[in-house]
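The values are calculated or read from the model by the stated rules, or taken from the named source; none is laboratory data. Keep in mind the model is a prediction, meaning the values are calculated, not measured. Counting neighbours? That spans all protein chains shown, and the Cβs are built from the backbone with ideal geometry, glycine included.
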Amino acid sequence: MLDDLLADNPVLATGLGLTTGAGRLPSWSPPALARRLGMLRSHEQALLPLLDDPRRATAVDAFAGLQIVRRHLRDLELCRVQHRRPAAYLDVLFGLLPLLMRELGAPAERVEALAGRLRAAPGLLEEARGNLEPGLPAALVAAGMDQVDGLLELAGPTVRAFAAGTGHEGALDSASQAACTALIAFRRHLRDGLLPGAAAECGAGRAVLEDILRWEHVLDDTLEELARYGREVLAATKDAMEEVAAELGHGDAAAAVAELQSDHPAPDDLVAAYRRAVEAARAHVVDRGIVTMPAGEELTVMATPTFLRTMLPFAAYDQPGPYAARQLGFYYVTPPRDGLLGPELEAALRSHPRASLAMTGVHEAYPGHHLQLVSANRATTLARRIAHIPNGGNILVEGWAFYCEELMERQGFLAAPAVRLMRLNDQVWRACRVVIDVELHLGSMDLPAAVDYLCAEAHMNRHEAELECRRYAGEPGQAMSYLLGKREVQRLAALHSRRRGGSLRVFHDELLSWGGLPPAVIAWGMGLAPPPPAARVSS
């Protein structure tokens, strides 16, 4: 199955750390889409009978493969991203990024591969123009226009500078110019051809979310129960924030958060401050024996590349692939936009309060995303190493990272009252995400209301809230995975403790050995729970 997926989409191969097809992009022409669907259906039929295999490990791996197939099928058949989501095509073009950031061959080979992908970009965007339908959601059109701006930086000055820096100055100029010309024409098509007739409604619908709950998150909750849970956690977390605010000597939590947000690093110390926080978190994990550090892991903390900043308003993590010889992760920190001065600069820096730096480092690096994803790359079976592709595994990946925030508080690292308050403030944000994710895609909340909700409840400025909600509109089911994933990891930890005993480290090591599988599937794989309903499909 993986061979077929990589032959169909060489960008996926690059992300896994392979050089196969490094100079190609996938096709989204109608014949190519038909072949892709046929290939996916064939593998679905081959994998389904293996769910009944008496060897539990084999059945679990088959389910991991089915999740990968279902992600593709959900996108193409239920979400119809080829007709409704400009980002489906633009995300492909970010396949240039690994060739710049990772050691995928000699510099000359990477320049040649970049040239191939740049030359293929106009054809891909022409396929996009032919496939995208009028009347698609305005939020998805606007998100596509934002992505084009970042891609123009990536496909233009960034790749040309890379070529020059490797001694191949000018080698990419022609291909870069052609790609940028096509991107500008595509943005014009989005703005003038699709935006005027775009729809305000941006919900993916109940069928999509229910498919995600069954096959992706593997949860038994109804959508209405999840929205209620998000609101319950929101209310409880806000009450807890008031208690911590009083401990800090403030009359209310909003005033306490506002004061903490005013204490932040200077712009020229921002990345270094995050780096120091990450180093301290790693040392604490090692000293306390919270989880085993995977051999060979490396992490670089750096400013977010300019072409990614419209999509990553705060911080983010970029993991190495399982085939990468060097397990080097990148922790991106997004500085304020260039040219900001005075009150605008201060407003941007308030998104990086000192009281949150250590917590963000825990989430993104140690023992959060970096440690978990590098551990997944070393899982014992191929299915578990690739279980999160493409763009999946969020309920474990995001759930683990969010779980780690409270874990590290209990372990004494995030215990200061100011840090606890900001952790709770971020939990408010994650609870809001559950409510928005469900209600936006069911159509009971529109996009402006979602932005208002995030601003009011999570103390987020409007620009950042708009970027967040556009992302939620384009990725149904992803935003809910943080809080729900944390809940599921905590439930699995309690189950493991009752049934197996042992140290927290033993549980963490065993959990991370299962790659990016959902906690309900990991519980099945550990022999602590029966197969979930989705894994009982026999036809």
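Name every residue in the stretch 266-309 that is in a loop (DSSP other than H, G, I, E, B) and buried (at least 19 other Cβ atoms within 10 Å of the Cβ), in order of residue number.
At the first step, the residues of the stretch 266-309 found to be in a loop (DSSP other than H, G, I, E, B) are 266, 289-297, 304-305, 309.
Within the stretch 266-309, Ile290, Val291, Glu297, Thr304, Pro305, Arg309 qualify.
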Taking the stretch 390-411 and keeping residues surrounded by fewer than 23 Cβ atoms within 10 Å (Cβ to Cβ) and at pLDDT 95 or above leaves Glu406, Glu409, Arg410, Gln411
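Pick out the one residue from Ala254, Ala258, Ala246 that is surrounded by fewer than 16 Cβ atoms within 10 Å (Cβ to Cβ), under 24 Å from Arg420 (Cβ atoms), modelled with pLDDT of 95 or more and of a type in the set (A, V, I, L, M, F, W, C). Reasoning before the result, please.
Numbers: Ala254 fails: modelled with pLDDT of 95 or more; Ala258 fails: modelled with pLDDT of 95 or more.
Ala246 is the lone residue from the list that is surrounded by fewer than 16 Cβ atoms within 10 Å (Cβ to Cβ), under 24 Å from Arg420 (Cβ atoms), modelled with pLDDT of 95 or more and of a type in the set (A, V, I, L, M, F, W, C).
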Report every pair of residues separated by at least 6 positions or lying on different chains whose Cβ atoms are under 6 Å apart, first residue within the stretch 187-201 and touching a residue at least 12 places away in the same chain (Cβ under 8 Å), second surrounded by fewer than 18 Cβ atoms within 10 Å (Cβ to Cβ) and in a helix (DSSP H, G or I). His189/Arg129
Filter result for Asp268 (at pLDDT below 95 and either in the same structural domain as Leu371 (by TED's automatic domain parsing) or out of contact with any helix residue (DSSP H, G or I) (no Cβ under 6 Å at 6 or more places or on another chain) (or both)): yes
What about Pro353, is it buried (at least 18 other Cβ atoms within 10 Å of the Cβ), out of contact with any Pro (no Cβ under 7 Å at 6 or more places or on another chain) and modelled with pLDDT under 90? no
Is there any pair linking a residue in the stretch 279-294 that is within 15 Å of Thr360 (Cβ to Cβ) and in contact (Cβ under 8 Å) with a residue 40 or more places away in the chain to one that is assigned to a helix (DSSP H, G or I) and small (Gly, Ala, Ser), with Cβ under 7 Å and at least six apart or on different chains, and which? Ala280/Ala358; Ala281/Ala358; Ala281/Gly361
In the set Ala315, Ala376, Ala348, the lone residue that is crowded, with 21+ Cβ neighbours inside 10 Å and outside the structural domain of His217 (by TED's automatic domain parsing) is Ala315
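For every residue, the table says whether it meets (1) outside the structural domain of Val159 (by TED's automatic domain parsing); (2) in contact with a Phe, Trp or Tyr (Cβ under 9 Å, 6 or more places away or on another chain).
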position	(1), (2)
Leu16	no, yes
Ala22	no, no
Met39	no, no
Ala59	yes, yes
His72	yes, no
Arg85	no, no
Pro98	no, no
Leu104	no, no
Hey, any hits in the stretch 82-93 for a residue that's more than 19 Å from Pro518 (Cβ to Cβ), at pLDDT 95 or above and among the aromatic types (Phe, Trp, Tyr)? yes
Return the total of residues in the stretch 335-369 being of a type outside the set (Gly, Ala, Ser), touching a strand residue (DSSP E or B) at 6+ places or on another chain (Cβ under 7 Å) and either without any contact (Cβ under 8 Å) to a residue 40 or more places away in the chain or not in a helix (DSSP H, G or I) (or both). 1
How about the stretch 425-539: which helices (runs of 4 or more DSSP H) wholly inside it have at least 2 residues that are within 30 Å of Ala347 (Cα to Cα) and not basic (Lys, Arg)? 447-458, 462-474, 481-499
